[in-house]
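The values are calculated or read from the model by the stated rules, or taken from the named source; none is laboratory data. Treat the numbers as computed from the prediction; the structure is a model and nothing was measured. For neighbour counting, all protein chains shown are included, and Cβ atoms are generated from backbone atoms with ideal geometry for every residue, glycine included.
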Amino acid sequence: MIEIVLVEGVSDVRLISYYLQNIYGWKHENSNALGITANDEYEHIESLSKQENQLVLCGVGGNGKFASFVEKHRVNMMLVEKEIASLMVVTDRDEDSDAKVGRKIGKSLESILIRAGEWISNDIVDSFGQRKIINTYLLVIPPNENGALERVIINALNDIPEEKELIQEVKKFIESLKNGLVKELEQTNKYDKAAVGTFFSVRNPQNALRSFGVFLHKVDWTKSEYLKDLFLPFMYLGTEKPIKEKE
Amino acid sequence: MAYIKSIEINQFRSIKKLSVSGFSNINLIVGDNNSGKTTLLEAIQLLFAKSQLGSIKPVIDQRTVLSPDKSSFYVSFIKMFNAAESRDQLEFDISAESKRGILHLQISGNEKVISGEEALQISSLSSRQKTQYKREAAYLPENAKIFTGSIAKQVGKKITEDGIRCTSLDSLASLSDIRKEVHYIPSFGHMRYDLLQNIVDDLDYKKLVIDILRQFDKDIADICYTKADDGSFLETIITKNGITMPFSVYGDGIKKILYILNRLYAASNSILLIDEIETGLHKKYFDILFPVVFELAKKFNVQMFIATHSIEAIDAILRYGNYENSNEKEDPIKVITLKKVDFSDGFESNIVARNVTGKYVYDNRMAFDFEVRL
C-alpha cells in the first residue's frame, strides 16, 4: 500500500514526519516508492515505511504552491497509474473556512473528491479500465481558528508542561510589541511566526539562527494532547480508513 | 496502404476479450511476460490470413520455430482458442477497423474424439503417408481428435466462409502465405538469415543501408551475395580491405539491423510487426537505429507494431518523439501496455490494455516512476 501526503512547507514535513515516526511507528527510508524528487530548493520529499506500507510525504514548496506541485509532478496521473491507496492533504487554514479550503484544493484534483475532516472513498477507473479505490482526507490546520502551522506549534507548546511557561512569556512579549513598535505583528500569521521564532531562539540560543528542523528535536511533542487530537487522522495511514457508509 | 486503427479480440489464446483503439504509425506493445504481446501481434497477422488452415499455419509455427519440442499442428491449432472455453463449442474472432474497412476473422467449430483409424481416413495426409501409418500400426493411436468448423472472413464488404476439418494426425505440410499486407519479424528471426534479399536489388537503398551499417562497424564497404565452394550463395560483407566475410562470422547486432531494414523495405505500404526489437542489439545503438527505422517507415508508408521488454528501447523510441521541443498535435507514437488480470473467482483471467500517447508516457516518466511495462 502506498500513501501520499501533501503538506505545505519543509517545517510541516519535519513536524509531521517526527510525529509519524514517534507516535505511529513509521521508519525513515532513503528513496520513495513513487520516484518523486524535489524540483527546486523549496520542495521537500521524505519517504517512510511501516511493514509493507510506504508513505511519501511531500512539502509542496510553501503556501499557494499546491496547484503547481500537483501539475509539475503530475499527481493526478500518478493517482491513476500507481498503486496509491490514499491521498492526504495537510494545509493551512489562514482565514478560510473548511469548505473554502476544500474547494481550493479540490480544484487541482481531477478525478477524486476531497473534504476537510472526513475520509472519502473515491471509486475511479484506471487507464486499463479497471476500477480502483483512492481514499482522500483533507486536514486543515489549525482546526478551529485562523492561522497556520505556527499557531499549531504555539498551541502544542502551550500544552506541554515543560514548555508552557516559556511560550506564554514569549506571547506576552510579542503582544507588547504589536501595539506600536512592530505594527506588522497585528496580523495573526506574522504574530504567530514571531512567537515561534522567538520561542525557539530563546529556548536554544546557541542555534538561534538555525532552521525549524534543528529545534524540532528539542521538544517532546508527543506530550501534547492538542497535537495528538489534531494528528489523529494519521493513525489511519497504512491501514483501513474509517469511511462513512453512504446514506 | 494497410493500416489498422483499432482491434477487438475475443477468446483468442489468453485473451477473453480485448479492445484497443486509436493506433498510430508507431505502436509500442509492452507488458510483463505472458501478458499477451505476441498474441496481439499474431491476432494482427491473422486478420490478413486467407480462409484456409494452411494460411493460419505460418502464424502458429512462429511460436515453435526454435523450439525442439515440435507440437503437432493440431495441438498448436487448438491452443489458439481460449483455454477457459468449453470444448464443445470452440470459437475465436478478431476484428479490426482499417483503412480498407472492416477486417474480420472468425474460426469456430467443435472438437470430438474419434478412432485413430477413422482419423487417418479423414486426415489430409497423402495416401503414401496413410499407407506408412498403417504399416507401422504401433504408431497409430487408438483414439484421435477431430476439429470440424469454419473460417469466416471479412475484408471490407467482401465476406467469405469456408468449412475446415482437421485431425490430430494432420501435419498440414502445405502452406499458404498470409497476404503481403502484414510482415512479421520474430525476436530471433535474424538468426535464420535472409538478410539481403530486398536490399541488394535497390542500389539506393543498399547504399543507405551500408551507410547505416558503417555507424556500427566502420570497416564495412559492401554487402552482397557470394558463391560458396559448394555452389550455394552466401550473404556476405566485404570490408574496406577487400576481405570477404560471411555473415556467420558477424555478431547478432549487424544481422538484426539488416534483418529489420530488409523486412522494412518489403513492408512498403503495409504493416510491420517486430517482436522483441531489442533482441541481439546493444542498447547504445538504439538511438542510431530507431530514428532511421522510423523515418524509413514514414517514407515507405509502414505502420509499425513493436513489442519490447526493454525500458532502454522504450526510452529510445520515446526520444524519437522529441517531446521536449515538439508541439505537434498528432503524436506518432502510441504505447499499449498489456496486463493480465485475474477474475475474482481466482480461476479465470483476461488481458486488459492501456493505450496512451508517447508524450503521456514521456511526461510521466519525467515526473515520477511511471512503469510502462508493469
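Return the only residue of B:F290, B:F347, B:F286 being loosely packed, with under 15 Cβ neighbours inside 10 Å, closer than 28 Å to B:N34 by Cβ and out of contact with any strand residue (DSSP E or B) (no Cβ under 6 Å at 6 or more places or on another chain). Reasoning before the result, please.
Values: B:F290 fails: loosely packed, with under 15 Cβ neighbours inside 10 Å; B:F286 fails: loosely packed, with under 15 Cβ neighbours inside 10 Å.
Exactly one residue qualifies, and that residue is B:F347.
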- Message: One residue is enough: does segment B:278-295 have a residue meeting the conditions touching a helix residue (DSSP H, G or I) at 6+ places or on another chain (Cβ under 7 Å) and of a type in the set (D, E)?
- Response: yes
- Looking at segment B:365-374, which of its residues are touching a residue at least 60 places away in the same chain (Cβ under 8 Å) and either surrounded by fewer than 21 Cβ atoms within 10 Å (Cβ to Cβ) or more than 10 Å from chain A (Cβ to nearest Cβ) (or both)? B:R373, B:L374
- Query: How about segment A:134-247: which helices (runs of 4 or more DSSP H) wholly inside it have at least 1 residues that are closer than 22 Å to A:V13 by Cα, touching a residue at least 24 places away in the same chain (Cβ under 8 Å) and of a type in the set (A, V, I, L, M)?
  - Reply: A:149-157, A:188-203, A:212-216, A:225-230
- Could you run through segment A:190-247 and say how many residues are in contact with a helix residue (DSSP H, G or I) (Cβ under 7 Å, 6 or more places away or on another chain), farther than 21 Å from A:P161 by Cβ and not β-branched (V, I, T)? 11
- Conditions (1) modelled with pLDDT of 90 or more; (2) surrounded by fewer than 20 Cβ atoms within 10 Å (Cβ to Cβ); (3) farther than 15 Å from B:S14 by Cβ -> B:N327 fails only (1)
- Task: Mind checking which helices (runs of 4 or more DSSP H) fall wholly inside segment A:22-130 and carry at least 3 residues that are within 14 Å of chain B (Cβ to nearest Cβ) and modelled with pLDDT of 95 or more?
- Result: A:66-72, A:75-81
- Query: Only one of (1) at pLDDT 95 or above; (2) farther than 24 Å from B:R354 by Cα; (3) among the charged types (D, E, K, R) is not met by B:K334, so which one is it?
  - Reply: (2)
- Task: Find all pairs meeting these conditions: Cβ atoms under 6 angstrom apart; at least six residues apart or on different chains; first residue within segment B:285-308 and touching a residue at least 12 places away in the same chain (Cβ under 8 Å); second residue surrounded by fewer than 15 Cβ atoms within 10 Å (Cβ to Cβ).
- Result: B:I288/B:Q215; B:N301/B:M1; B:N301/B:N269
- Go through segment B:336-359 and count every residue that is facing chain A (nearest Cβ under 10 Å) and touching a helix residue (DSSP H, G or I) at 6+ places or on another chain (Cβ under 7 Å). 1
- In segment B:1-51, which strands (runs of 3 or more DSSP E) lie fully inside it and hold 2 or more residues that are touching a Phe, Trp or Tyr at 6+ places or on another chain (Cβ under 7 Å) and surrounded by fewer than 20 Cβ atoms within 10 Å (Cβ to Cβ)? B:4-12
- How many residues, within segment B:79-108, are more than 22 Å from B:E348 (Cα to Cα), more than 20 Å from the chain's Cα centre (by Cα) and either among the polar types (S, T, N, Q) or not in a loop (DSSP other than H, G, I, E, B) (or both)? 2
- Item | Listing of strands (runs of 3 or more DSSP E) fully contained in segment B:201-277 that carry 2 or more residues being buried (at least 17 other Cβ atoms within 10 Å of the Cβ) | B:220-227, B:233-239, B:271-274
- Task: Give the residue, chosen from B:Y285, B:Y362, B:Y323, that is within 14 Å of chain A (Cβ to nearest Cβ) and assigned to a helix (DSSP H, G or I).
- Result: B:Y362
- Item | Filtered residues of segment A:120-133 (kept if among the hydrophobic types (A, V, I, L, M, F, W, C) and either without any contact (Cβ under 8 Å) to a residue 60 or more places away in the chain or in contact with an Asp or Glu (Cβ under 9 Å, 6 or more places away or on another chain) (or both)) | A:I124, A:V125, A:F128, A:I133
